[in-house]
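> The structure is given below, and queries will be raised subsequently.
The values are calculated or read from the model by the stated rules, or taken from the named source; none is laboratory data. Here the structure is a predicted model, which means the values were calculated and not measured. Here the Cβ positions follow ideal geometry from the backbone for every residue, glycine too, while neighbour counts run over all protein chains shown. The protein model used for the area step is the full one, side chains on, heavy atoms only, and it has no ligands, DNA or RNA in it. Shrake-Rupley method; radii C 1.70, N 1.55, O 1.52, S 1.80 Å.
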Amino acid sequence: MQLHLVAASSSDISNYSKYKKQYFNSILNGNKSNEIKSLKKLIYYSKKLNKPTIKYKKELKLLTSNVKKVKIYKDKPVLNKKIKKLFNSTDTIKSIQVDANTIIIDFKNNIKKKDIKFTEERHRGYARDNFDIQGKYTGINKLKLTMPQVKAVKKIVIYKKKNNIRLSLRAKKNLKTVYILGKKRIIIKVLESINQKKKINYAQVMPKADQKVIVIDPGHGGKDPGANGPRKRYEKYAVLGVGKKLSSILKSRGYKVFMTRSIDKYRTLKYRTKYANNKKADLFISIHANAVPKKKRNRIYGIETYYLSPARSERAKRVAAKENKADIKSMSYGTKNVFLMTQNRAKITASNKLALDVQNNMLHNLKKKYKYIKDNGVRKGPFWILVGAQMPSILIEVGYISHPRESKRLYTSSYQNTLATGIANGIDSYFLKNK
Ligand SMILES: [Zn+2]
């Protein structure tokens, strides 16, 4: 069989990211008509790229159904005069507006994400989503608002709490909220969809200054084909396909992304980690595919994620030995152990957390579309590719290239996309929890 890696049209992808950006900007600028326009485009290109559209469709429905009742913003949002009056000139907050499912808080000065803390609690049968914002205001003691267009929200209470301002959303059931941070603005959206799991793209809700750098490292390449499976399916091609898709997904979500190779070229292990260090990457993601000898081909399959640590299990040692083959000769056993000893504890803990988030999200995303998805778990392994990197790093074995069904899948564009989306979701989830 011919090896082929099908990529979505690049203009579709760039249009998709363009309208996604436009959509978020229109939310930030309070430009409702642009929000509707860009949402429609976003839905169109999401469909074309086979991405989920349900979230956008619901937003659009909410927005368009309210058009008659709510004034459409022209350039600037219409300030709610009643609320604006309540703040005086020395207050941190300039104004608060509620429109449809959205709360817009404007500030006098720039705010940082560290100024905002989000907590959830239950109190007297009510679910509370609390946003604690550092700052002060003297105008009032307590302010109650309603969100009439979202049934689930009973009220919004804003009050002073120690040195913070707390905005508390009160509801009978747990709310799904997302917040987006602009320079002088916070947008809080209440998503009423019940079945949709809360989906926040970390990069989109964070200011540009906090943009995270990800280095993707597709294993092997060039003269080093990596593992091979039936019908000459080489690891180096499958992992490049997944890596490229991951790159475009992460870019569309606002991350800064670099790849150690984006073509079929040989790279030493040293080159790869040095590259990541030079780019000052926040995360290093190495992508590989596994293999077993012919006798076991039909039995062994599944996905596993490794983070660096001295090997524990025989299995980890075996996989590590295979992946390390290229450079291992140059290191004596003594040197290797010294390397592992000097690994920073915090980096290992962070890598472990990242591995768990990525593994869980990959499995979750694949299981929605495919049968026979096997979770081989998160493991520790002594991978040299992870040794040299100064940032949290993981090595993903996206499947067994030796297994007939899995290797066939690993060569299809749609499977690669589902895998890559899962990895991207894992990265989002990691950053949302570990700032
Ligand atoms: Zn490999």
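> If I go through region 226-241 residue by residue, how many of them are buried (at least 22 other Cβ atoms within 10 Å of the Cβ) and either farther than 21 Å from I300 by Cα or more than 16 Å from the ligand (Cβ to nearest atom) (or both)?
Residues in region 226-241 being buried (at least 22 other Cβ atoms within 10 Å of the Cβ) and either farther than 21 Å from I300 by Cα or more than 16 Å from the ligand (Cβ to nearest atom) (or both): 2 in total.
> Does K84 satisfy being open to solvent by 70 Å² or more (accessible area, probe 1.4 Å) and modelled with pLDDT of 80 or more?
Judged against the criteria, K84 is not a match.
> Something else about it: Hey, can you tell me all the residues within region 98-124 that are modelled with pLDDT of 80 or more, under 15 Å from I158 (Cα atoms) and open to solvent by 30 Å² or more (accessible area, probe 1.4 Å)?
K117, F118, T119
> So, L283, is that one open to solvent by less than 20 Å² (accessible area, probe 1.4 Å), touching a residue at least 24 places away in the same chain (Cβ under 8 Å), within 12 Å of the ligand (Cβ to nearest atom) and not basic (K, R) or not?
In short, no.
> In addition: Looking at I263, is it part of a helix (DSSP H, G or I), among the aliphatic types (A, V, I, L, M) and more than 13 Å from the ligand (Cβ to nearest atom)?
So I263 fails the test.
> Is it true that some residue in region 370-377 is among the β-branched types (V, I, T), touching a residue at least 60 places away in the same chain (Cβ under 8 Å) and within 17 Å of Y301 (Cα to Cα)?
For region 370-377, residues among the β-branched types (V, I, T), touching a residue at least 60 places away in the same chain (Cβ under 8 Å) and within 17 Å of Y301 (Cα to Cα): present.
> Would you please name the residue that is nearest to the ligand (Cβ to nearest atom), looking only at residues in region 384-404 that are buried (at least 24 other Cβ atoms within 10 Å of the Cβ) and in a loop (DSSP other than H, G, I, E, B)?
I401
> What's the number of the condition K270 fails, among (1) touching a Gly at 6+ places or on another chain (Cβ under 7 Å); (2) within 30 Å of Y23 (Cβ to Cβ); (3) open to solvent by 30 Å² or more (accessible area, probe 1.4 Å)?
All conditions are met except number (2).
> Let me ask something else about it. When you go through (1) within 16 Å of the ligand (Cβ to nearest atom); (2) closer than 27 Å to K21 by Cβ; (3) part of a helix (DSSP H, G or I); (4) not hydroxyl-bearing (S, T, Y) one by one for L250, which number turns out not to apply?
Condition not satisfied by L250: (1).
> Something else: Any chance you could count how many residues in region 10-43 are of a type in the set (G, A, S), under 26 Å from N417 (Cβ atoms) and either at pLDDT 80 or above or in contact with a Lys or Arg (Cβ under 8 Å, 6 or more places away or on another chain) (or both)? Working first, answer last.
Step one: list which residues in region 10-43 are of a type in the set (G, A, S), which gives 10-11, 14, 17, 26, 30, 33, 38.
When the remaining residues are screened for being under 26 Å from N417 (Cβ atoms), the result is 10-11, 14, 17, 38.
Narrowing further to those that are either at pLDDT 80 or above or in contact with a Lys or Arg (Cβ under 8 Å, 6 or more places away or on another chain) (or both): 11, 14, 17, 38.
Selection size over region 10-43: 4.
> State the number of residues belonging to region 213-225 that are open to solvent by 10 Å² or more (accessible area, probe 1.4 Å), within 12 Å of the ligand (Cβ to nearest atom) and in a strand (DSSP E or B).
1
> Here's a check for you: in region 282-309, which residue that is part of a strand (DSSP E or B) and small (G, A, S) is nearest to S407 (Cα to Cα)?
A289
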